[in-house]
Structures are given as C-alpha cells and as structure tokens.
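Below is one structure, written out as structure tokens; comments come after it.
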Amino acid sequence: MEIFELRYFLGVAEHENIHRASEKQGVSPASLSKAIQRLEDELGVPLFTKQGRNIFLTDHGRLLQKKASEIIQLEEATKLQLSGHKGTIKCVMVGPEILLTDFGLQLAEELRKKFKGIDFEFQSTDEKTALAKVDQGEAHLALTTGDVPSGMTSKRLGSSTFQTCVGRGHSLYENARSKKSVAVEKVLEHPFASPSYAFLGQVGNKQSVDGWRDDQFPRKIQYVTSCLKMLEKLVLDGKALAYLPDFYAQRLDVKVIKVTGCPYSCTQELKLVARNPGRLGWLNQVF
C-alpha cells in the first residue's frame, strides 16, 4: 500500500467519479483505476461498487477513506514538524461562504504566521456537508454555527446577532443613517431578499432560513437567491432589505435599521471544528 495510491483513492472517493478525480488530480483515469485495483487486490475487499455508469463507496471503502485521510494528514504533519516548519501542507477548510470569507481568512493568516509552508483550499458548503467532510477526513477544519457532533473537537470563535440592513437609495436608508427607530409594521411594507438555503449559517427551528420570524411577522420576500454576492448586491443597490449577521453587515456599505415592535432576534455561536486535532501537531495549535 503506497502513499500515492491512497491519495489517488481519496480523490476518487471524494467525487465517486474517476474522470472528475482525474481532472482535479492531474492523473490519467487509467492510473487511478489501476491504483484502486491494486488496493482492492491487496486488501481483498471491494472499495467501490458500480451502478450503471456511476460508482459508489462500499462500507469497506468508507472505512478506508477515513483511515487513508488520517495517514495522509499524519504524513504531511510529520514532514512539517521534522523539517523545522519548512515543509508544506495544504489545509482544507470548509463551511458556509459567509463564514469562510470572514473567519476562515482570519484563521488562515494566523496559521501562516506560525507555518510558512502552509497553503489553503477553501470549500463553500452547507454546514452538514462541512461536518461530514471533516468526519470523513476530506477536510481539516469546518466552520459552523450549529451543533457539533460527539467525537469532534470545537473552539468557540465568537457570536453574531442578525440585523435588518438597508442600502443607499432605499427609502428607509435615511432613517437608518440618522439612527431613527422604524416600526416593524413599516419595515414589512418593503420587499426583502432572502437566501434559498442556510448559507448564512444555522438558525432556530421556528425561524426562516435567514433567521427572521416570518411565522410572526411575515415579509414580502421578493428575491430569493442561492448566491451570497447576489444577496449583497440586492441590498447595496437599495432594491431590498435583508436580515444579515452583524459581522457581515459591518463590512458592507449598508446601514442597520433600528426596528421596534419586534421582540424576536436571531443569534449564532460561531465555532471551529476538527476531528482528532491532537494527532497533528500543527492543527492542535489552533485549538
């Protein structure tokens, strides 16, 4: 069992597709197939099963995926430690785009100060997928606002409170700029933009996908988008209001409306998550 074979296997396991793994790793499909066949022959178990043109990990394959990820990560960490921090390692960080943009970049800068040979790959995913990737060894770190599964290590990064935001050109902008209170009934006369899924992070059970209590104060949601930049532009152009985390609103050219008459609010706890960081010297320093 060679390290390069495990790397090839992990690439195919991530995509469950030989050709996509080939494109990402820069290795021919034939080389990937041969490496997987050698692993299956050596281990004596099937790692993938075929269904039509698709392939899927078997239970043995999923077990090897975790073990192989641990081996690869340990190899990288050992090289980094023994070379006096002159080695190289690629840190894969996953989570919602909004968390990666703010907290992911901050963390990357902190790690670069400690390890000059570290590179980063940021993968924007929903939080459930992010935690699964860490658990399966496909990523080193996940950013989340939800519950952390048992067996994983977490570190609190801070908290956030959602705010009703308005951009220039909107009729409520001057009220927000002068910090005048606006009744919730007045706010609800205007259209909102909202995410189509929870890319702003996890919220409460009774809250809408962006944390607003539409069950109590129903809005006119005129725009729904799966793109963070689109949501941002709709607000900046004054086309719609949006309910956004305070850390994100602070770096946009928007104002916060002081809404009265609404007793509800959305808050989040921001966490960094890893699986067994103590096995990797460099990763353990994060926690």
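The table below gives the values:
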quantity	calculated
J(HN,Hα) series, segment 209-214, from Karplus relation 6.51 cos²θ - 1.76 cosθ + 1.60, nearest Hz, glycine and proline x	4, 9, x, 6, 8, 5
Links that overshoot a 29 Å alpha carbon limit, given the list 133/239; 206/233; 155/206; 128/229	133/239
Table column - 3J(HN,Hα) (Hz), segment 252-266, Karplus curve with 6.51, -1.76, 1.60, x for Gly and Pro	9, 7, 10, 10, 9, 7, 7, 8, 10, x, 10, x, 9, 8, 10
Whole-Å distance, taken between Cα centres, linking segment 1-69 and segment 175-189	56 Å
Percent antiparallel among DSSP beta bridges (both partners in segment 159-268, rounded to 5)	50 percent
Spacing of the two label points (7 Å from each Cα toward its C-beta) at residue 224 and residue 15, in nm	3.2 nm
Cα centroid separation - segment 224-263 against segment 87-162, whole Å	24 Å
222 nm mean residue ellipticity, helices alone, for the chain (DSSP H n ≥ 4; -39,500 (n - 2.57); rounded to 500)	-10500 deg cm²/dmol
Relative contact order (%) - criterion: Cα under 8 Å, at least six apart; region: the chain	20 percent
Linear extension gain, residue 60 paired with residue 252, 0.36 nm per residue minus alpha-carbon span	64.4 nm
Computed magnitude of the charge dipole of segment 1-82 (debye, nearest 20; Cβ of K, R +1, Cβ of D, E -1)	240 debye
Other-chain or far-sequence residues with amide H under 5 Å of residue 91's (modelled H)	119, 120, 121
DSSP H segments from the chain that extend 20 Å or more along their own axis, Cα-based, with Kyte-Doolittle mean of 0.0 or above	none
Coil-residue trypsin sites (Lys or Arg not before Pro) of segment 169-235, DSSP, other Cβ within 10 Å capped at 14	179, 180, 206
Kirkwood Rh in Å, taken over the chain so that all alpha-carbon pairs contribute	21.3 Å
Separation in nanometres of the label points that stand 7 Å from Cα toward Cβ, at residue 287 and residue 197	2.7 nm
Pairwise label distance in nanometres, residue 276 with residue 3, each label 7 Å out on the Cα-Cβ vector	1.8 nm
Only Lys, Arg (+1) and Asp, Glu (-1) charged, at Cβ; the chain dipole about Cα centre in debye	720 debye
Rel. contact order, % - alpha carbon contacts under 8 angstrom, at least six apart, segment 159-268	50 percent
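Every number in this text was worked out from the coordinates using simple rules, so none of it is lab data. Fair warning: this is a prediction, and the values are worked out from it, not measured in the lab. Quick reminder, even Gly has a Cβ in these numbers, built from the backbone with ideal geometry, and neighbours come from all protein chains shown.
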